[in-house]
Structure formats: C-alpha cells, structure tokens
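The values are calculated or read from the model by the stated rules, or taken from the named source; none is laboratory data. Note that the structure is predicted; figures quoted are calculated from it, not measured. Virtual Cβ from ideal backbone geometry, glycine too; neighbours counted across all protein chains shown.
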Amino acid sequence: MSFLEITRGDSPVVLGLPHTGTELPDGLDDALNDGGRALADTDWHIHDLYEGLLEGVTSVRTRIHRYAIDVNRDPAGISLYPGQNTTGLCPVTDFDGHPIYHEGQAPDAAETERRRLAYHAPYHAALSAELERVKARHGFAVLYDCHSIRSEIPFLFDGTLPDFNIGTNNGTTCAAAVESEVRQVCEAAQGYTSILNGRFKGGWTTRHYGRPSDGVHAIQMELAQSTYLTAEAAPWPYDDDKAERLRGHLADILSRLDALARKGQL
C-alpha cells in the first residue's frame, strides 16, 4: 500500500508507528474544519526521533493521519478506556474535546467501515506479517509501539503527564522481563519522570498483539512531547538538543529489548 512505510530488519524488535502520518485521503480536508485541518493530535516527529536507534530494527508506519482513522483503536469501536474521555476509531473531536468536522460532515457507519478496510486493516496486516516474520526467525517478537502526546490536555487527564508513559495493560501484554528492562531505563534517566500503566496502559495495538505465551511481547511508550519539542504548539518544532538527549535513553531501551529476545530470555 502506498501509504505504508515498511522497513525490514533482522532484529526481533518491531516498531509500530501508527500516529506520525499527516496525509489525509481525498475529500477529508474539505470535510474537516479549521481545527481539524490543524492536525494538532499528530505524534509529531516520532519516526524521526526513533530513526537509527537500533540496527536491524523493523518498523511499520502509516502516513495516513489518525483523523481519517485511528489504527490504534479497536476496529469494533469499543472504548479502550471506559468511563474516561478519549477519541474513537474515526475521531469526531480532537484531544481537547472540540469538533474537527464541519457540521454534517462527520463519517457515518458506512464511511467508517470504508476507511477501516482501506487504511486500518492494511496497516495491521503489515504489522502482523512483520511480527510473524521476526518471530519465525528468533522464536520471539517484541512489538514496541511508539507514541507521543502533549504533556497537558485537561480533557484527557489531570495535571502534567510524566515524560515516559509505559503501557503493558497491567503486565498482561509482555513478559515481566520486558516491562522491567524498559522501566529500569526510564526510572534511571536523570531529569525525566516516568510511570508504568498510568493514564496510558497501551492502546489496541499493544493489547491485541501482546501474547507472551505465544512468543509475541508488546509494550507501548507514550512520550510527553515536551521531552523533544521546543514547544507543544504549532508548528511543533523539533528540538535537536532535547531530542538527542532523549534518543540516548530510547536507544538503551531498544538495545536491551533486542538483547533479551536474542538471548532467549523471554
């Protein structure tokens, strides 16, 4: 699919990149209002932040924006966080709770299904294929799902988000060793804050693929965008100094996960 970017390597680690895309399908730009067209809820620059951190890593990225369809949501439309504010499979509001469509232009059930088949299903077919490929090679696969978000969004959470937000759906999506390695790096990173299974426990991708008993381990990392952006506002400028400091810790995480799987310690 032309909107998918797949990089294949020989590491047991696979990076998921579901929310870095900024492309909109034909016609969607006209349906979105000014707030929607701002694409504020993008995981800005995340594919650049992780570029080159682990030799041989596989990655699967969609260039389609999450406002078209969110590939990290349950395709059945079931909420990941019942009782809490969130956005859906085809979002109709932004993270601040503001409508993103012109009146009467939000997708109906038929349009949502069309987008699911066109963009959500192919992304997951590709991701599933890569996980099976590396698992066949190593006996294990580790899915590391890459995310970022503004550090202050009252509609979604109170206060300021920690810098590293690790999600394993309360320890169910990966072996304890995977969770432990990631947590150790984050807690030891000077000048950063971290939390395990706080507001973000892992999206549908992490929960769907994380099957430790079958040799597929999944973990989500939600980074506060303040850790690598100059400002959490348009035009979302990448801060080279902040990013380089952060990249050292992210490289440590990925190398440890790679070593765990290669040594068969999962």
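Descriptive notes on the structure:
- If you filter the stretch 219-266 down to residues that are of a type in the set (Ser, Thr, Tyr) and within 24 Å of Leu161 (Cβ to Cβ), you find that the one that is farthest from the chain's Cα centre (by Cα) is Thr230.
- Residue in the stretch 52-69 that is part of a loop (DSSP other than H, G, I, E, B), among the aromatic types (Phe, Trp, Tyr) and over 29 Å from Lys135 (Cβ atoms) present: yes
- Taken over the stretch 208-218, the criterion of being within 15 Å of the chain's Cα centre (by Cα) and surrounded by fewer than 24 Cβ atoms within 10 Å (Cβ to Cβ) is satisfied by His208, Tyr209.
- When residues of the stretch 37-64 are limited to those that are under 28 Å from Pro154 (Cα atoms) and touching an Asp or Glu at 6+ places or on another chain (Cβ under 7 Å), the one surrounded by the most Cβ atoms within 10 Å (Cβ to Cβ): Ile64
- Residue within the stretch 97-119 that is without any contact (Cβ under 8 Å) to a residue 60 or more places away in the chain, assigned to a loop (DSSP other than H, G, I, E, B) and under 18 Å from the mean Cα position of the chain (by Cα) present: no
- Within the stretch 207-266, the residues that satisfy the criterion of being part of a helix (DSSP H, G or I), over 27 Å from Leu127 (Cα atoms) and either modelled with pLDDT under 95 or not hydroxyl-bearing (Ser, Thr, Tyr) (or both) are Asp240, Asp241, Lys242, Glu244, Arg245.
- Qualifying residues in the stretch 1-26 (those that are part of a loop (DSSP other than H, G, I, E, B) and aliphatic (A, V, I, L, M)) - the one farthest from His147 (Cα to Cα): Met1
- Exactly one residue out of Val142, Val134 is β-branched (Val, Ile, Thr), touching a residue at least 24 places away in the same chain (Cβ under 8 Å), surrounded by 14 or more Cβ atoms within 10 Å (Cβ to Cβ) and not in a strand (DSSP E or B): that is Val134.
- If you go through the stretch 195-207 and keep only what is buried (at least 18 other Cβ atoms within 10 Å of the Cβ) and more than 13 Å from the chain's Cα centre (by Cα), you end up with Ile195, Leu196, Arg199.
- Of all the listed residues (Tyr67, Tyr123, Tyr119), the sole one being of a type in the set (Phe, Trp, Tyr), in contact with an Asp or Glu (Cβ under 9 Å, 6 or more places away or on another chain) and crowded, with 16+ Cβ neighbours inside 10 Å is Tyr67.
- Criterion violated by Leu246 - all others in (1) under 24 Å from Ser11 (Cα atoms); (2) buried (at least 22 other Cβ atoms within 10 Å of the Cβ) satisfied: (2)
- Taken together, the criteria place Asp29 among residues that are in contact with a helix residue (DSSP H, G or I) (Cβ under 8 Å, 6 or more places away or on another chain), free of Cβ contacts under 8 Å to residues at least 40 places away in the same chain and over 18 Å from Ile149 (Cα atoms).
- Residue within the stretch 166-184 that is in a strand (DSSP E or B) and in contact with a strand residue (DSSP E or B) (Cβ under 6 Å, 6 or more places away or on another chain) present: yes
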